[in-house]
Amino acid sequence: MSCCILTRSDLDAPGPSRYAQQSIAVGHSRHLSLPMAAPYVALPHQQRLRADTPPLDDENDHIKPLDGHKPIFHGGFDSQLKQVLRDIDIHGCEANGENAFFVADLSEVYRQHLRWMRALPRIVPFYAVKCNPDPYVLQLLARLGTGFDCASNGEIEAVLKLGINPARIIYANPCKAASFVRHAAANNVGLTTFDNVDELDKMKRYHPSCKLVVRILTDDSKSACQLGLKFGAPLDSVPRLLQRARELDLDVVGVSFHVGSGCYDPDSFRDAVHRARRAFDMGKEAGYIFDLLDVGGGFGHDNFEMVAGVLGPAIDHYFPDEDFAPGGKQVAGKPNGLRIIAEPGRFYVHSAFALATNIIAARRGEPTAADTEPENDKPQVMYYQNDGLYGSFNCVIFDHVTVHPKVLTLGHEYAYEPTIVSPGVAVDSGDEAKELQPCSVWGPTCDSIDCVRDLVHLPKGLKVGDWLVYENMGAYTICAASTFNGIRRSEIRYTLGEGQLAETVKHLMLQ
Ligand SMILES: *Cc1c(COP(=O)(O)O)cnc(C)c1O
């Protein structure tokens, strides 16, 4: 893009980033004073799934932090999956007794928060509620001191219902219903985004004292879900927007962007920060002094540190201390200097939920001579499981992901080995039941679009009644699941996790 004049080598300045050492006052957030009780030990996937968790002692070994809500158990994914399966009699249970179910490990959310604080200590996360509005996730994040990015009336209500101060909400939707804006005004939600003139008129009419953030368009071509098609003001339209905001006497306080969800190129963030800086300069020309930079969402689970390693220094470079620290030239009259927030969604919940599904039916083809030829990768078995694209696997369509089934039981015996990548069992043991064969996996509805995987290799010994498990199902899954065809949404079994992190989470949830 024409505005990318900075090269990578400019960012690779020697020495540690000032950015990482800096700690600034961040207004209403209290998370910087949070004692980090549990040390960050290892990357989440290295210690997430452990097989040696002791079983629950008794029925009382759980807590119930929200009135009327479900209990929260103790132990890692593996122990929880085992517990639930032990209580299900697939040959005798009532209708829905073998339904698919999630295990949600809240310590994973906490672990991600520690990861965030380590890599981007200066950026206050405002969790994007749409990604997974689970009440326990929201409650834990509230206790950790994050803010919340809400995009609708319902999300605002969900957050306020937990007793969270409306000052910790950004209504980060540039195209809002008028009635939602009035409701936000009535509930003291005082920060929102805009990217068009009509929205300014709406804000003037229904919530004139609201602080506004101009959402700019950035390059989202390196992201799984591009948002620029729908949102974001191109930089060359920003002066006109700000001029209109001035005429309406509205209080524009900063700039936001979203590089797209599932962003795999850290340079998108660097480029976006550069554009945001240009928008700050446009603000100055329009007579505003901006002091809020909102770097949006798009943070992934696997490449987070790499992205942070580009984003942090880019902020240092484009928003240097001499201009933007408290007392800096560009933030005269704003005593706290530049405040930086983000709107991570996926990053916080991706790894915190695993989904177990039951194989309710199978259709096996007659083996032909051609099927035994290794290069003939045609599905030999169609498995039908009890959650699909109309339910939790809507992510296959909306979030453009490929999901990876792992074997949870094989021939009705618990077989899951969490550390083994898909299919989740050791397949080279010479055991025929563990030999792989090409299969397809389908959901429970009567629609043929409901195909979870059209080709995947699973062990030959899988039977009807066996269980599969899908890890990393926390983001953009449950929130968009329907009950099409009368199939219930999959329920959630909560756990605190295990070890020191679990103790800290328990303490936080019981506050
Ligand atoms: C969806 C969304 C987010 C969260 O994006 P992730 O990729 O899940 O981090 C943040 N901000 C806005 C405005 C969004 O629409």
Among 411, 146, 455, the residue whose Cα sits farthest towards the positive end of the charge dipole of the chain (+1 at Cβ of Lys and Arg, -1 at Cβ of Asp and Glu, taken about the Cα centre) is 146
Enumerate the whole-percent occupancy of each 10 Å bin, from 0 to the last occupied one, for all C-alpha pair distances of the range 228-320. 16, 46, 28, 9, 1
For helix 106-119, what angle does its Cα long axis make with the longest principal axis of the chain, in degrees from 0 to 90 and rounded to 10? 40
Residues 161, 202, 211 in order from fewest to most other beta-carbon atoms within 10 Å are 161, 211, 202
Between the helical axis of 197-206 and the dominant principal axis of the chain, each derived from Cα atoms, what acute angle in degrees is found, rounded to the nearest 10? 80
Run the paramagnetic zone check for residue 188: 7 angstrom along Cα to Cβ, then residues of the range 162-182 with backbone nitrogen under 12 Å. 164-169
So the angle from the long Cα axis of helix 266-285 to the longest Cα principal axis of the chain, reported in degrees to the nearest 10, equals 30
Taking only Cα atoms of the chain, what ratio of Rg to Rh do you get with Rh as the Kirkwood inverse-distance radius? 1.01
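For the range 93-197, would you read off the P(r) tail past 24 Å as a percentage of all alpha carbon pairs? Can you show the working numbers first?
Details: 1848 of 5460 pairs.
Of all Cα-Cα pairs in the range 93-197, 34 percent lie more than 24 Å apart.
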Name the residues whose placed amide hydrogens come within less than 5 Å of the amide hydrogen of residue 491, ignoring near sequence neighbours (fewer than 5 apart) on the same chain. 102
What whole number of Å gives the distance from the Cα centroid of the range 96-125 to the Cα centroid of the range 394-463? 25
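If I take every Cα pair under 8 Å that is 6 or more residues apart in the range 353-510, average their sequence separation and divide by the length, what percent do I get for the relative contact order? Numbers along the way, then the final one.
Numbers: 304 pairs, mean separation 47.9, N = 158.
The normalised contact order for the range 353-510 reaches 30 percent.
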Over what distance in Å are the Cα centres of the range 376-392 and the range 342-361 separated? 18
Could you give each residue of the range 77-88 its phi-based ³J(HN,Hα) in whole Hz, using Karplus coefficients 6.51, -1.76, 1.60 with θ = phi - 60°, and x for Gly or Pro? 3, 4, 5, 5, 4, 4, 4, 5, 4, 4, 8, 9
Longest to shortest principal axis, alpha-carbon extents of the range 173-342, angstrom: 43, 37, 31
Excluding residues on the same chain fewer than 8 positions from residue 130, give the aspartates and glutamates whose Cα lies under 14 Å from its Cα. 149, 155, 157, 343, 399
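Using the 10 angstrom Cβ neighbour count as an exposure proxy, how do 417, 285, 471 rank, fewest first?
Lowest to highest Cβ neighbour count: 285, 417, 471.
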When the charge dipole of the chain is computed with +1 on Lys and Arg Cβ and -1 on Asp and Glu Cβ about the Cα centre, the Cα farthest towards its positive end, among 71, 510, 350, belongs to 510
When a/c is below 1.5 the answer is rounded, else prolate if a/b is larger than b/c, else oblate, so apply that to the range 275-334 with a ≥ b ≥ c taken from the square roots of the Cα gyration tensor eigenvalues. prolate
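Could you size up the charge dipole of the range 173-342 around its Cα centre, putting +1 on the beta carbon of Lys and Arg and -1 on that of Asp and Glu, and report it in debye to the nearest 20? Mind showing how you got there, number by number?
Values: 20 positive and 23 negative charges, 143 e Å.
Dipole of the range 173-342, to the nearest 20 debye: 680 debye.
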Here the range 139-146 yields Karplus 3J(HN,Hα) values (6.51, -1.76, 1.60; θ = phi - 60°; whole Hz; Gly and Pro given as x) of 5, 4, 5, 4, 5, 7, x, 6
Aspartates and glutamates whose Cα lies under 14 Å from that of residue 378, excluding same-chain neighbours fewer than 8 positions away: 366, 454
Its Cα gyration tensor gives the range 401-511 an equivalent ellipsoid whose semi-axes in whole Å, largest first, are 28, 23, 12
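To the nearest 20 debye, what charge dipole does the range 353-510 have about its Cα centre, counting +1 at the Cβ of each Lys and Arg and -1 at the Cβ of each Asp and Glu? Could you put the intermediate results ahead of the total?
Details: 12 positive and 21 negative charges, 119 e Å.
That gives a dipole near 580 debye.
Read the figures in this text as sums done on the coordinates, not as results from a lab. Keep in mind it's a predicted model, so treat the numbers as computed, not measured. Cβ sites come from the backbone with ideal geometry, for glycine too, and all protein chains shown count toward neighbours.
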